[in-house]
């Protein structure tokens with residue numbers, strides 16, 4: 001999934017840093033990814049630790065992590081059900097087509113008409129199977145995660161869902177195909193939550209706490225509102241040209257609130273090692289982070305330069321590489 005702040009390219013840096021401070025043998029450790037996003041960090045450590053605790057208060061993120069982290073045994077019916085869902089016809093009375101496709105008269109074009117109809121048909125069928133007790137909870141989240149991942153690939157946006165493109169780009173014109181959201185299989189049982197991190201932290205404990213909060217004022221609930229709409233699939237009145245829904249506003253996205261929330265999280269964390277991922281463009285300064293973390297134990301900092309990509313403002317199609325620095329702030333509490 002094309003996701004702001006994804007740590008996929010930085011995973012070697014993160015893994016090597018954690019190995020250096022905790023040790024390379026993590027098989028008896030409990031690892032918590034409390035701002036999980038798409039779950040790439042938790043997925044990486046899922047095979048290395050005794051248990052992963054994954055959390056994010058956005059429901060689309062919960063769906064993804066409930067599948068990628070929560071599911072750990074083979075679901076025999078998965079392929080058969082995916083095939084059945086791919087074979088059904090699209091519908092015109094679904095919420096996505098009526099509100100987010102141009103042909104419905106909505107004025108919005110997040111998906112092609114045919115793909116919007118297909119997403120609606122698949123989403124309704126998955127919910128029908130769940131309500132009739134025809135599929136397990138594990139299968140439900142596997143199918144729902146597969147739908148989110150597959151829909152995102154065909155979205156008619158530059159990167160996030162803050163706006164749609166005026167004309168259907170080539171990838172958005174492709175025929176919808178539901179592909180499996182493949183997860184790793186092992187014998188461990190993990191925990192997945194959809195909670196406020198500062199509240200959840202009071203009720204969990206472990207060995208390694210990984211923090212990847214928002215860096216700036218961009219609210220994830222706004223940037224990925226359509227994924228929440230597909231995941232929840234509950235009626236509401238979309239607002240404005242972009243069809244926004246009500247969304248959570250994070251204290252980590254506010255200059256006046258971020259430091260207080262960060263301090264509160266550290267204070268209540270029942271974890272030996274805390275690793276904060278934060279870049280040099282964030283709301284909290286290096287000095288703010290250092291002084292706050294140092295209150296609770298031994299502090300170290302690691303850094304690595306990398307290139308992130310930004311959509312070109314004129315065309316929204318070309319991407320330019322921008323050099324930035326990622327910092328890993330480590331607290332041994």
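In this structure, does residue 29 turn out to be surrounded by 18 or more Cβ atoms within 10 Å (Cβ to Cβ) and under 20 Å from residue 306 (Cα atoms)? Steps first, please.
Details: surrounded by 18 or more Cβ atoms within 10 Å (Cβ to Cβ): yes; under 20 Å from residue 306 (Cα atoms): no.
In short, no.
Residues of the stretch 36-81 being over 16 Å from the mean Cα position of the chain (by Cα), without any contact (Cβ under 8 Å) to a residue 60 or more places away in the chain and farther than 17 Å from residue 15 by Cβ, which ones?
76, 80
Could you please find all residues in the stretch 5-25 being in contact with a helix residue (DSSP H, G or I) (Cβ under 8 Å, 6 or more places away or on another chain) and crowded, with 19+ Cβ neighbours inside 10 Å?
Matches in the stretch 5-25: 7, 14.
Taking the condition modelled with pLDDT under 95 and not assigned by TED's automatic domain parsing to the domain that holds residue 107, does residue 262 pass?
no
Go through the stretch 246-281 and give me each residue that's within 19 Å of the chain's Cα centre (by Cα) and surrounded by 18 or more Cβ atoms within 10 Å (Cβ to Cβ).
The answer is 250, 251, 252, 253, 275, 276, 277, 278.
Against the conditions (1) free of Cβ contacts under 8 Å to residues at least 12 places away in the same chain; (2) within 14 Å of residue 35 (Cβ to Cβ), where does residue 221 fall short? Just the number, please.
(1)
Which of the residues belonging to the stretch 27-52 are out of contact with any strand residue (DSSP E or B) (no Cβ under 8 Å at 6 or more places or on another chain) and at positive phi?
Selection gives 37 alone.
Could you count how many residues in the stretch 190-214 are more than 15 Å from the chain's Cα centre (by Cα) and in contact (Cβ under 8 Å) with a residue 12 or more places away in the chain?
So the count comes out to 12.
At least 1 residues that are within 20 Å of residue 38 (Cβ to Cβ) and without any contact (Cβ under 8 Å) to a residue 12 or more places away in the chain in each: list the helices (runs of 4 or more DSSP H) lying fully within the stretch 88-183 that qualify.
Helices (runs of 4 or more DSSP H) meeting the threshold: none at all.
Give the residues of the stretch 296-310 that are surrounded by 13 or more Cβ atoms within 10 Å (Cβ to Cβ) and over 25 Å from the mean Cα position of the chain (by Cα), sorted by residue number.
296, 297, 299, 300, 301
The values are calculated or read from the model by the stated rules, or taken from the named source; none is laboratory data. These figures come from a predicted structure and were not determined experimentally. Using ideal geometry, Cβ is built from the backbone for each residue, glycine included, and neighbour counts are taken over all protein chains shown.
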